[in-house]
Amino acid sequence: MELTKKKKTIIFLVLLLILAFTLRVWNIKNDLLFHRDQGVHSLDIYKIWHDHKFSLLGPTTDVDGIVHSPVYYWLMAPAYAVGRGDPGVASLFQILLEVVSLPLLYFALVYFFNKRTAILSLILYTVSYGMISQSRWLSNVTPIIPFSNLLVFLIAYQLKKRIKPLLIFLSSLVVGVMTQHDAAVAIFLFPFLLWFYRKNLKSLSNLSLIMAGFLLPATPLIIFEFRHNFVLTNAILRFFGSSGRGLGFTFGVFWTNLVTFLRQVSVATFYPIILVSSLLFILGLIRLYGKKQALTIYAFLLIPFIFLGLFQRGAIGFFFDALLPLAVGCVIYGLEYFSKPVGNILLGFIILTNLWQLPYIYQPTNALTPIGDGNVITLQDRKNIIDWMYVNANGKAFSVWFYTIPYYQEESWTYLFTIYAKPKYGYLPEATHGFSPKDLKVSQLFFAVYEPEYDNARMGNQISWLTDVKSVFGGVRDSYRSDDVVVRLTSWQPK
């Protein structure tokens, strides 16, 4: 029996989802990068699912005093609970969330462009070196992409069908959730919503639905504000007025942001050949001109870009992550300008380029993941270091100093001692920071764990730290290294 077009589409989507999932989860439990942010988030989520303690605050930002609501923590708590705290299971859940959103992106791209563009876009998205690397980043930013796929679908559906109050609320709620994951990435999609619903804002009820949906995920922060004298609002106002970072227009910032955005599009499509991906993206936008859906696509991409450009701090690449799914469609639409043979050859070359680079993801490297420093430390690396200490301790009590990047922030180690070391070995170190030999009561051994400092070696902080270790706890008896983390067993013995 001949398959119908609908069944063929379903089979295509299912096969592509399986491939997308496989490429993203390959060896993720071992090669998952696990740094300071992952440790902080995991500890806070541990307090929810294990200790049943709830906070009104979620992930912090890189701006002093500004934090998000705990929406990301709530989203991830069930995955951590199912995995008994295993960050690998949490990352698996994030990947699953993204993969199941791909059919929504497909149907949105069918409307915005055409079926062929949607098919080719999803194929490229599936094998994209940059998108796969992004998927394997255990971060509050990563779930924004599947929510963006949902938002793009809701927008396309309303353009195709009609705008209804429930869809107004849902669209705004999705933007609100994305904003509370990472405001820099998603908050400027709210002005896009105001533009999109501009003809519906005459109704007070519709305006109320937009505000309610956007503010609902921020409810914990609103409660916190009233209870703490509006400290978050004051921090935001200080940031707006800060020199060199806050509000202010310069052409240089817009130009830098444009380069950053086009580089991020290249990461998602044809890394590292930014010129070709940029030309295809621009060509796609030009081809859209005059079509009824063009203005919505332009607004979706342009409004957040304009608002980000009004801040002097400049944009980091992942600030544009919410725009990437639709940008991939624009690149493919630009590719379709060429004749089918030429377009197919170019697309094949793009896909092969992405596939050729995938091995760089499936080994301990930073790939394209923005972790904040040059060190490569995976979840397995940290477990290796912990295992080495406990094996050498052989049941004896021990203590440890850590030198981590950013300086002395040990949350990643604290978390893994809690969910990995204690269940496996039955005890924890006597002390892990802020102690001297005279403070130790039962320890028989001392370990020093550090990350080699590449980016700020000239500052001399690590040299001073290693000198202190030697002067206080003696020389090195034995050592072990796993990627960019080193552990030393010193000659110290209790008196």
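Any read-out appearing in this document is the output of simple, stated calculations on the displayed coordinates, not a laboratory observation. It should be emphasised that the depicted structure is a prediction, and the values quoted were computed from it without experimental measurement. Neighbour counts run over all protein chains shown; Cβ positions are idealised from the backbone, glycine included.
List of remarks:
- Subset of K7/K29; K202/K291; K53/K441 violating a 28 Å alpha-carbon distance limit: K7/K29; K53/K441
- Environment charge at A184 (Cβ cut-off 15 Å; Lys +1, Arg +1, Asp -1, Glu -1): -3
- Along principal axes, Cα extents of the stretch 211-316, largest first, whole Å: 51, 33, 24
- Under-5 Å amide H pairs with T490, H placed in peptide plane, nonlocal only: F446, A448, R477
- Electrostatic dipole magnitude of the chain [Cβ: Lys, Arg +1; Asp, Glu -1; Cα centre; debye, to 20]: 1720 debye
- Cα centroids of the stretch 157-220 and the stretch 66-121: 19 Å apart.
- With neighbours defined as other Cβ atoms within 10 Å of a residue's Cβ, the residues F261, F435 order from fewest to most as F435, F261.
- Shape analysis of the stretch 222-270 places it in the oblate category; the axes a ≥ b ≥ c from the Cα gyration tensor give an a/c of at least 1.5, with a/b not above b/c.
- Residue (of L279, G176, F107) at the positive-pole extreme of the chain, dipole from beta-carbon charges: F107
- Added length on full extension, which subtracts the Cα-Cα distance from 0.36 nm per residue, D62 to S205: 47.9 nm
- Surrounding net charge for R245, when Lys and Arg each add one and Asp and Glu each subtract one, Cβ distance under 14 Å: 0
- In the chain, the longest principal axis of the Cα atoms and the axis of helix 340-357 are about 10 degrees apart.
- DSSP beta bridge pairing in the chain, given as percent antiparallel to the nearest 5: 70 percent
- Dipole in debye (nearest 20) - the stretch 307-445, about Cα centre, beta carbon charges: Lys, Arg +1; Asp, Glu -1: 280 debye
- Sorting 4-11, 409-416 by average packing, meaning the other beta carbons within 10 Å per residue, from highest down gives 409-416, 4-11.
- Extreme residue, positive dipole direction of the stretch 408-495, given options F446, Q493, A431 (C-beta unit charges): Q493
- Kirkwood radius and radius of gyration were both taken over the C-alpha atoms of the stretch 5-360, and their ratio Rg/Rh is 0.96.
- Each of H41, H50, H228 was scored by other Cβ atoms within 10 Å of its Cβ. Listed from fewest to most, they are H228, H50, H41.
- Considering helices alone, the calculated mean residue ellipticity of the chain at 222 nm is -18500 deg cm²/dmol, with DSSP H runs of length four and up weighted by -39500 (n - 2.57) and normalised per residue.
- For the stretch 379-490, the gyration tensor built on C-alpha atoms gives an oblate shape. Its axis ratio a/c (a ≥ b ≥ c) is at least 1.5, and a/b is not larger than b/c.
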